[in-house]
Amino acid sequence: MTTKKIRKKDIGKLLGIWSQEFSVIVPSKEEGVAKMDRWDGKDISFLDWYRNTVVPSKDNFLPPMEKMFSFQKNRDGYHIEVPQDEQKQLIFGIRPCDARGIAIIDKVFTDTYEDRYYLSKRKNTILIGLSCTNPYDSCFCISLGLKPTESADVDLMFTDMGDEFLIEETADKGEELLAAASVVKEATKADEAKAKTVKATASGMVMRRIDTKDVGEKLQARFSDKDYWEKVAAKCISCGVCTFLCPTCFCFDICDELVKKQGARYRGWDSCSFRLYTKMPMENPREEKWQRVRQKVCHKFEFYPMNYDVIACTGCGRCIRLCPVNWDITQILSRLPGSVTSQSHK
Amino acid sequence: MEQVLRKEARKLLEEEKVDYIVGFAPGSLKFSTTPLITKEKEEIASLVINPFIVNNLAKFLTEVRGRVGIVAKGCDSRSIVSLIQDNQVVKEDVVIIGVPCSGLIDIVKVENLVGKDRDEIDDIALQGEKVVVTAGGKKRELPTKEVFFEHCLGCEFPTPQEYDTLIGEPVAALGDKELSRKKIKELQDMTPEQRWAFWKEQFRRCIRCYACRQACPACFCERCFVEESQPQWVSSVPQWQDNLIFQVIRNIHVAGRCTDCGECERVCPQNIPLRSLSKKMSDLVEEMFHYKAGIDRSAPALMSAYEHAEAEDLIR
Amino acid sequence: MEHKSEWEPRILGVLCKWCSYAGADLAGTSRKKYPANLRILKVPCSGRVDPLLILKCLRLGFDGVVVSGCHPGDCHYQTGNYRARRRIALTKKFLEYIGIPEERVKASWVSASEGLKFAQVVAEVAKDIEEVGPNKLFARDGD
Amino acid sequence: MPITDTSQRKKFLAQSNVYLPHIVVVDKIIEETPSVRTLHFNFKDEKLRKEFTFESGQFAELSIFGIGEATFCISSSPTRNDHLECAINRVGLVTNAMHRLSVGAETGFRGPYGNSFPLELMRGKNLVFVGGGIGLAPLRSIIWNVLDNRDKYGNIDIIYGARSPADLCFKYDLDSWSQDKTVNMITTVDKGDENWIGREGFVPSILEQVAPSAKNAIAIVCGPPIMIRRTFPVLQKLGFTPEQMITTLEKRMKCGIGKCGRCNIGNLYVCRDGPVFTYAQIKNFISDEY
């Protein structure tokens, strides 16, 4: 793997070069909410304040709402039109946990049937990672085999070394991206060593842990223990925060709309926390709150690994940080009989 | 205070006056608390009272089966009364452990003022009218008016009006109505077009996670109108038009029930200023019908009553 | 305004079947003139009118909604219109605060014998709505 | 348990976009019960009309444009493929709209999705079909499939029940199966009316009375969840092993292709891994989540 470097103040220039080919997306703030948004062509102040976004970058591929097609009825019947979506985009600053989240949901959207809406955006997007050098106290990525500086799921990885970034070219695409940029220099051995220290420090800052060993088996053993799940679910208020803001949650709903003879089919995020999610006219298999909480936990830590060999959690900590009632997955898992968990927080 | 509370809660469980205690325990994040819903006497020791007891626990009354001893701040106690008025909760099943509350600290305001996130702050201490924040080795004193939630600033009933036991002494209201309605005032000074544009932009950001509805004790419907499919009033995907209708109707539904606990706005992950809707609604209710939510549990609910002469100027 | 020439306001009248609906009928049979673009929704009582209905109709593109029921004291179900009054008055005020011009949502009391009043109310509503123009509140804008 | 070749499943996708429906035209409507009607329909596109194939047990997403999509099993048999049939129980938004359709109406169709009944496994075996209410719809497809190749299978028992005589679906099929000497057809209702001369009683108890032998047999069960839950213990009592019991499940679905998330039972998705399952596959979850 080759490494390069760039001065922090030149980031704007690099983004400028990329904007010629891509729609460049960077961390930004709207009404105090950190999100990934179209770069305005100037502002790189996010380098100072950015830790992570509220909504993970999955929304660039699976937006909260998207039009699947529009339809119209003419004299000779229905006609369907699919919106074209071929814009090339480049996301700068995605954190390793969110990049891993995308890699995890890729599996669903390519399984058996390709999901064109997701994959067309996915294939047209370059992911440029930014090492997480100031993880939150709610982060536990280390437990999921991920480092806050992991470069496996991005095309280029940037690591903050103070006045400069070290750039790792992790994919062929990455190399091409830097070819034309004169602001990018070769990194030295000393730079690499410096970055290594930064990375080690970052990993050391992730304090929270979960015990993932045999977690699937442990959950399976608990599956029918209603008392256990009722206790676990007691304070949950069944909102969609933890699922909507989870980098590995992908559930969606499909809904038609017809206003003034203009019809369209949309899809939008859905959540297993909602009672309606599984409701059928005569029956609801997950009517009770504890059943829905169980589904959420088991899906991530038991079922998803059974289907796709990976735990559907990246330890980003959003579900802890943003939960209205501070429902904490790390506490839940640590209470599973047989779990060893060291937590260092208040 | 906490000791008195724990003793009281333990007694309620031991004397089998209640099946559950609903209160606050320390959260797993700095400067946070989490609802504690328990039958276990051993867990009573973790009950806390501090300026971070943000949740409106009345929410849990409609779902916990059995008699409940519930820790209630001023706004929570009003929500409980409102639930009793609506026949959602039976008074005999509830023991209200009143906790006078002189205001809660909005951690987001602190974060913005000191330029650090919650986990980067070392200490936050409430000292009289000041909040002392220690971060990065530096101490900063902030007036409570700058760090309390806006709904706390304008709170009229910081001490529960309805309680079975009161922990500690009643406290005085901050009563800064103006500061508490700053955003509403700004909106009212706009033209209707500007206001519409404002809300349209706000609801464009809504992702319909329903945290606002789920956190709200006044939202106790078994099935919310947004979940109706025949007819389907609003789309299930977050189009701004439907997001806006959802929120407007939600506010009309909780009119006369909203006690300005501010939870809807606090829990919104997209920072939509929802209290500027709910507070305006309670102001309208008071102005037009001289009604305050959750004050008198024997009074009929706002929408199930009427006066012969009211709002006559609005309808020809 | 330019749009006035080709555009005529589309209005929904939500009418109580005991009074205002009959009033509308009377207006028709006695050939009182009122705007033709009024669609009528008959309801059993003004007390049945859900604010959601008003918003949904605006969402679907109606330029205005007028709710009409029996005069206070005359409700077929004794108190339905008193309850309606609370709800509709509050809704009107709240919608105004959101930024929906008050011209778009109107309420009136029209008895079965007030054909003329009905025609006047609708004409006034139509005139007010013409002032504020077509309802583009919920229009899709490239979302 | 053989699952349909997945490449086969992808064959009829519209322009490589799984979510785009084909247009089908309703050409006949049969009112089965006060709340159930069967739509006979065919593709508007000539080519699809000729080439479309599916297997018994598979399902499709039908849509009414502007209202939405819902999941239906294909209730006709692939051995009689001049048109497709779906039985529609009027329960929700989409199904109500489907009950307002008339002949000639256009609707959307995506599919076929899911796996199918294991014909290979069933060959040469005695077959016991247990159905309740509209649960006969998927069974009907496989029953006709089997009857059209009668010599490949052993004894056939069909035990079918509904709440009342008026709720019996596919009465024309029930008649023709009763008249078929190679089929043991048993019809029951929970509660009969004054004209009812047949059996009365819940399906599981009638099954216990009829007591088909488990030897060299396969039982295929479909009906309301409560019936399915109560039928399995009876079959076990009769000596059926979990591998010999097959069911087809219904869950709320949106995508039909294993993405939208809601139809899982444990790690299995009813749309992707089913809807046909052996009891062995789902027995760990069935009492809890189904």
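The values are calculated or read from the model by the stated rules, or taken from the named source; none is laboratory data. These numbers were taken from a predicted model, which means no experiment stands behind them. Note: ideal-geometry Cβ built from the backbone for every residue, glycine included; neighbour counts use all protein chains shown.
General remarks:
- Residues that are under 18 Å from the mean Cα position of the chain (by Cα) and either of a type in the set (Asp, Glu) or not assigned by TED's automatic domain parsing to the domain that holds D:Val128 (or both) within segment D:240-282 comprise D:Glu250, D:Asp273, listed in sequence order.
- The criterion of at least 1 residues that are among the aliphatic types (A, V, I, L, M) and touching a helix residue (DSSP H, G or I) at 6+ places or on another chain (Cβ under 9 Å) is met, among helices (runs of 4 or more DSSP H) falling completely within segment A:141-252, by A:172-179, A:215-222, A:226-233, A:241-244.
- The condition of being in contact (Cβ under 8 Å) with a residue 24 or more places away in the chain, within 24 Å of A:Asp48 (Cα to Cα) and not in a loop (DSSP other than H, G, I, E, B) holds for only one of B:Val131, B:Val110, that being B:Val110.
- Test: residue in segment B:5-16 that is surrounded by fewer than 22 Cβ atoms within 10 Å (Cβ to Cβ), in a loop (DSSP other than H, G, I, E, B) and within 12 Å of another protein chain (Cβ to nearest Cβ): no
- B:Pro273 touching a residue at least 24 places away in the same chain (Cβ under 8 Å), farther than 22 Å from B:Leu187 by Cβ and either within 9 Å of another protein chain (Cβ to nearest Cβ) or assigned to a loop (DSSP other than H, G, I, E, B) (or both): no
- Any hit, segment B:136-148, residues being more than 14 Å from chain A (Cβ to nearest Cβ), outside any loop (DSSP other than H, G, I, E, B) and small (Gly, Ala, Ser): no
Conditions (1) part of a helix (DSSP H, G or I); (2) at pLDDT 95 or above; (3) β-branched (Val, Ile, Thr), marked per residue:
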position	(1), (2), (3)
B:Gly23	no, yes, no
B:Thr34	no, yes, yes
B:Ile49	no, yes, yes
B:Phe60	yes, yes, no
B:Asp76	yes, yes, no
B:Val81	yes, yes, yes
B:Ile84	yes, yes, yes
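- When A:Ser45 is tested against the conditions (1) more than 14 Å from chain B (Cβ to nearest Cβ); (2) over 16 Å from A:Leu127 (Cβ atoms); (3) surrounded by fewer than 18 Cβ atoms within 10 Å (Cβ to Cβ); (4) not charged (D, E, K, R), the lone failure is (1).
- Test: D:Ile220 is within 14 Å of chain A (Cβ to nearest Cβ) and among the β-branched types (Val, Ile, Thr): no
- Options B:Thr159, B:Thr165, B:Thr144: the member that is β-branched (Val, Ile, Thr), over 25 Å from B:Cys264 (Cβ atoms) and surrounded by 14 or more Cβ atoms within 10 Å (Cβ to Cβ): B:Thr165
- Check on A:Asp172, among the acidic types (Asp, Glu) and surrounded by fewer than 22 Cβ atoms within 10 Å (Cβ to Cβ): yes
- Residue within segment B:64-73 that is within 14 Å of chain A (Cβ to nearest Cβ) and among the charged types (D, E, K, R) present: yes
- The set of residues from segment D:173-192 being in contact (Cβ under 8 Å) with a residue 24 or more places away in the chain and either part of a helix (DSSP H, G or I) or acidic (Asp, Glu) (or both) comprises D:Asp173, D:Trp177, D:Asp180, D:Asp190.
Residue-wise test of (1) aromatic (Phe, Trp, Tyr); (2) within 29 Å of B:Glu307 (Cβ to Cβ); (3) within 15 Å of the chain's Cα centre (by Cα).
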{"site": "C:Gly13", "(1), (2), (3)": "no, yes, yes"}
{"site": "C:Ala27", "(1), (2), (3)": "no, no, no"}
{"site": "C:Pro35", "(1), (2), (3)": "no, no, yes"}
{"site": "C:Gly47", "(1), (2), (3)": "no, yes, yes"}
{"site": "C:Leu53", "(1), (2), (3)": "no, yes, yes"}
{"site": "C:Lys106", "(1), (2), (3)": "no, yes, yes"}
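- Residue check for D:Asn96: in contact with a Lys or Arg (Cβ under 6 Å, 6 or more places away or on another chain), outside the structural domain of D:Glu200 (by TED's automatic domain parsing) and surrounded by fewer than 20 Cβ atoms within 10 Å (Cβ to Cβ): yes
- Against the test of being crowded, with 18+ Cβ neighbours inside 10 Å, away from chain C (no Cβ under 11 Å) and more than 21 Å from B:Cys261 (Cα to Cα), the options B:Arg205, B:Arg213, B:Arg181 yield a single qualifying residue, B:Arg205.
- Residue within segment D:167-180 that is crowded, with 24+ Cβ neighbours inside 10 Å, closer than 26 Å to A:Met282 by Cα and not β-branched (Val, Ile, Thr) present: yes
- Note on segment A:225-274: among residues that are crowded, with 23+ Cβ neighbours inside 10 Å and polar (S, T, N, Q), the one that is farthest from B:Thr38 (Cα to Cα) is A:Thr248.
- Residues considered: A:Lys35, A:Lys8, A:Lys42, A:Lys29. Of these, the only one that is in contact (Cβ under 8 Å) with a residue 60 or more places away in the chain and basic (Lys, Arg) is A:Lys8.
- Residue check for A:Met306: within 14 Å of chain D (Cβ to nearest Cβ) and part of a loop (DSSP other than H, G, I, E, B): no
- Complete set of residues in segment B:163-189 that are under 28 Å from C:Phe94 (Cβ atoms) and among the charged types (D, E, K, R): B:Asp176, B:Lys177, B:Glu178, B:Arg181, B:Lys182, B:Lys183, B:Lys185, B:Glu186, B:Asp189
- Some residue of segment B:2-19 being under 30 Å from B:Ser278 (Cα atoms) and in the same structural domain as B:Arg297 (by TED's automatic domain parsing): no
- Residues that are more than 12 Å from chain B (Cβ to nearest Cβ) and of a type in the set (D, E, K, R) within segment A:263-291 comprise A:Glu283, A:Arg286, listed in sequence order.
- Total residues in segment C:61-82 satisfying the condition of being under 17 Å from B:Ile249 (Cβ atoms) and at the interface with chain B (Cβ under 10 Å from one of its Cβ atoms): the figure is 1.
- Test: residue in segment B:287-302 that is of a type outside the set (Gly, Ala, Ser), more than 8 Å from chain C (Cβ to nearest Cβ) and in a helix (DSSP H, G or I): yes
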